[in-house]
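Q: One structure follows; several queries about it will come next.
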Amino acid sequence: MSPEKRYLTFALGKGRLVNSTMELLEKCGIHCEEVTDKKTRKLIFTNEELKLKFFLAKGPDVPTYVEYGAADIGIVGKDTIMEENRSVYEVLDLGFGKCRMCVCGPESARELLNHHEMIKVASKYPNIARDYFYNRKQQTVDIIKLNGSVELGPIVNLSDVIVDIVETGSTLRENGLTVLEEICPLSARVIVNQVSMQMESDRIHKLINDMKENL
C-alpha cells in the first residue's frame, strides 16, 4: 500500500496578488474559492482532493514561513524576497503585480545622486536601499527606516530622496516628486522551501510547470 500523500502548503502574501494567484491556480485545475472569500474568518484553507493547504500572511512574513518549512511554497513580490533575503529557492516569475523599485525625490536631488554626495535616504526597504547605494553605486548614504507614507521624507526634509515601489507614479507627481533612478523591475514570484524541493520534487515541479504553462 502506498504511503498517504502529505499536504503541500502555500503561503500567499495578502493583498493585490491573491486574486491573480488564485485565478492562475484555477487555470491549473486547483480550486479553493474560500481563499478569496472576504467574509470568512478561517486562517487555513484546504483542497482535500489534491492535498493542498493555503494560508494568507503579511508579505514580509511569507519568505519566513517558507524558509522554516511552515509552508512549502510561497507567492510574494520580488521586493519582499530582496528585502528579507531568506534561504529559499526563487523558481518562477509570475509576471503579474508588475511595478518598479526606484530612487525618487524632487528634481533638485538629481545632482546629489549624480555627484555621489552624502545624502539621506528614507525607505521601507532599508536592505534594498543599502545594497543599491553601497554595492552598486558605491555611494555613502544615511538610510532612515520608515513604515509608511515614505513620500513625506523629502517633503518634510527628513531625507533627500526615498527608495520605494513605483506603480503608476501618480502619488509622486501629486507631491512634486519624480523617479530619479530605477533600481530594478518587480513582479510576483514563486518561492520554495529548500527541503521541500528535494522531498516533494515531483509534485512541486509539476505545480511549477502547470503555472508556467498557464501564464
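Q: Yes or no: region 102-116 includes at least one residue that is open to solvent by 10 Å² or more (accessible area, probe 1.4 Å), in a loop (DSSP other than H, G, I, E, B) and at pLDDT below 95.
A: To start, the set of residues in region 102-116 that are open to solvent by 10 Å² or more (accessible area, probe 1.4 Å) comprises 106-108, 110-112, 114-116.
Then drop every residue that is not in a loop (DSSP other than H, G, I, E, B), which leaves 106, 115-116.
Filter once more, keeping what is at pLDDT below 95: 115-116.
Yes, because at least one residue in region 102-116 is open to solvent by 10 Å² or more (accessible area, probe 1.4 Å), in a loop (DSSP other than H, G, I, E, B) and at pLDDT below 95.
Q: Please pick out the residue among F55, F45, F10, F96 that is in contact with a helix residue (DSSP H, G or I) (Cβ under 6 Å, 6 or more places away or on another chain) and more than 29 Å from E182 (Cα to Cα).
A: F45
Q: Tally time: how many residues in region 166-181 are touching a residue at least 60 places away in the same chain (Cβ under 8 Å) and of a type in the set (S, T, Y)? It would help to see each step written out before you state the result.
A: Filtering region 166-181 down to residues touching a residue at least 60 places away in the same chain (Cβ under 8 Å) leaves 166-167, 172, 176-181.
Among the residues that remain, those that are also of a type in the set (S, T, Y) are: 178.
Qualifying residue count, region 166-181: 1.
Q: Same structure again: Could you count how many residues in region 1-23 are in a helix (DSSP H, G or I) and either in contact with a Cys (Cβ under 9 Å, 6 or more places away or on another chain) or without any contact (Cβ under 8 Å) to a residue 40 or more places away in the chain (or both)?
A: Narrowing region 1-23 to residues in a helix (DSSP H, G or I): 17-23.
So of that shortlist, the ones also either in contact with a Cys (Cβ under 9 Å, 6 or more places away or on another chain) or without any contact (Cβ under 8 Å) to a residue 40 or more places away in the chain (or both) come out as 18-19, 22-23.
Total meeting the criteria: 4.
Q: Can you tell me which residue within region 92-101, out of those that are touching a strand residue (DSSP E or B) at 6+ places or on another chain (Cβ under 6 Å) and outside any strand (DSSP E or B), is most open to solvent (accessible area, probe 1.4 Å)?
A: Of everything passing the filter in region 92-101, F96 is most open to solvent (accessible area, probe 1.4 Å).
Q: Separate question: Would you confirm whether or not region 92-101 contains a residue that is in contact (Cβ under 8 Å) with a residue 24 or more places away in the chain, in contact with a Pro (Cβ under 8 Å, 6 or more places away or on another chain) and small (G, A, S)?
A: no
Q: Restricting to region 142-176, what's the tally of residues that are part of a loop (DSSP other than H, G, I, E, B) and under 15 Å from L112 (Cα atoms)?
A: 3
Q: Looking at K39, K53 in this structure, which one is more than 23 Å from K5 (Cα to Cα), not in a helix (DSSP H, G or I) and not acidic (D, E)?
A: Working: K53 fails: more than 23 Å from K5 (Cα to Cα).
Selected residue: K39, the only one of K39, K53 that is more than 23 Å from K5 (Cα to Cα), not in a helix (DSSP H, G or I) and not acidic (D, E).
Q: Contact list please: Cβ distance under 6 Å, first residue in region 182-207 and part of a strand (DSSP E or B), second residue acidic (D, E), pairs at least six apart or on different chains.
A: Partner pairs satisfying both residue conditions: L186/D79; R189/E90; R189/D93; I191/E90.
Here's the yes/no breakdown for (1) without any contact (Cβ under 8 Å) to a residue 24 or more places away in the chain; (2) part of a strand (DSSP E or B); (3) open to solvent by 50 Å² or more (accessible area, probe 1.4 Å); (4) hydroxyl-bearing (S, T, Y):
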position: L25; (1), (2), (3), (4): no, no, no, no
position: F45; (1), (2), (3), (4): yes, yes, no, no
position: V62; (1), (2), (3), (4): no, no, no, no
position: G69; (1), (2), (3), (4): no, no, no, no
position: E90; (1), (2), (3), (4): no, yes, yes, no
position: A122; (1), (2), (3), (4): no, yes, no, no
position: A129; (1), (2), (3), (4): no, no, no, no
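Q: While we're here: Look through region 1-23, keep the residues that are hydroxyl-bearing (S, T, Y) and under 18 Å from N214 (Cβ atoms), and return whichever of them is least open to solvent (accessible area, probe 1.4 Å). Can you show your working first?
A: From region 1-23, those hydroxyl-bearing (S, T, Y) are 2, 7, 9, 20-21; that's our starting set.
Pick out the ones that are also under 18 Å from N214 (Cβ atoms) and you get 20-21.
On the way: S20: 41, T21: 4 Å².
Filtering first and then ranking leaves T21.
Q: A follow-up question, please. Quick check: anything in region 138-159 open to solvent by 20 Å² or more (accessible area, probe 1.4 Å) and touching a residue at least 60 places away in the same chain (Cβ under 8 Å)?
A: Checking region 138-159: not a single residue is open to solvent by 20 Å² or more (accessible area, probe 1.4 Å) and touching a residue at least 60 places away in the same chain (Cβ under 8 Å).
The values are calculated or read from the model by the stated rules, or taken from the named source; none is laboratory data. Keep in mind it's a predicted model, so treat the numbers as computed, not measured. No Cβ is skipped: glycine too gets one built from the backbone with ideal geometry, and neighbour counts run over all protein chains shown. Each accessible area value is taken on the protein alone, full model and side chains, heavy atoms only, with ligands, DNA and RNA left out. Shrake-Rupley method; radii C 1.70, N 1.55, O 1.52, S 1.80 Å.
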